[in-house]
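No lab work stands behind these numbers, since they all come straight from the coordinates. Source: prediction; values computed, not measured.
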Amino acid sequence: MERLSDFNLLNNKSILAHCVHLNPKELILVAEKGAAIVTNPQSNLNNAVGIADVCKMTELGVTVGIGTDAMTNNMLEEVRVGIWAQHLKQNDPSRGFVELASALVFNNPLIAQKYWGAKFGTINEGSPADIIVVDYIPHTPFNEETWMGHLIYGISQANVEATICQGKILMWNGELLLDIDEQEVKAKARELAEKLWDRF
């Protein structure tokens, strides 16, 4: 981190991925420079490289976002795994929930806003109308105190019924409304994947 800082490569537009092995001194430097860290729990666990100390990062004032590193297309699944990884890292099942849920819900939009300027993560006039609608009926109270738990442990398991991007409906009632042949795209993906694998 010090070397990056010395070359003016550590600033409020920097996004640092993984950061599994940063020490507290380095984390303080990241926080002071206004850089963000994006943790990728499933990738780190899959590669057995360790578990980023998201609780310590947050405690020291680092803006922590969450990514997938291509391990999944489900961000809520990534958050769930990240929470459980923090339980293990902290040896405490009460730690990690707020930090990881906040990384997705609050910090990811803030990080994106630095680059694209739009008010991501809000439903207001002028904000990108990027919305999903899920089929979810809660079995326990759903309110301002419980919504985050419902999001991570309930809504994460629900089917997505509609997808809207910049106000345009892309999927409705589980059916794609795009002018593409879904089966053809999947077949082409399999073909290209095989060619890519052969190159390895």
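Side notes on the structure shown:
- Beta bridges by DSSP in the chain, antiparallel share as percent, to the nearest 5: 60
- Above 20 Å, the calculated P(r) of the chain contains 65 percent of its Cα-Cα pairs.
- Within the same chain, lysines fewer than 8 places from K195 are excluded, and of the rest, those with a Cα less than 30 Å from its Cα are K186.
- For the options E26, E144, E99, a Gaussian network treatment of the chain with springs between C-alpha atoms closer than 10 Å singles out E144 as fluctuating the most.
- Greater than 21 Å apart at Cα, pairs in K89/K114; K13/K168; K13/K89; K56/K114; K56/K89: K89/K114; K13/K168; K13/K89; K56/K114
- Highest-MSF residue in the chain out of E161, E77, E175 [GNM, Cα springs under 10 Å]: E175
- Spatially proximal aspartates and glutamates relative to K188 (Cα-Cα < 19 Å; intrachain offsets below 8 disregarded): D179, D198
- Interchain or long-range residues, amide H under 5 Å from I66's placed H: T39, N108
- In order through the stretch 130-140: 3J(HN,Hα) via Karplus (6.51 cos²θ - 1.76 cosθ + 1.60), integer Hz, x for Gly, Pro: 9, 9, 10, 10, 10, 8, 9, 10, x, 9, 10
- Two-decimal Rg/Rh across the stretch 1-45, once Rg and the Kirkwood Rh are taken from alpha-carbon atoms: 0.98
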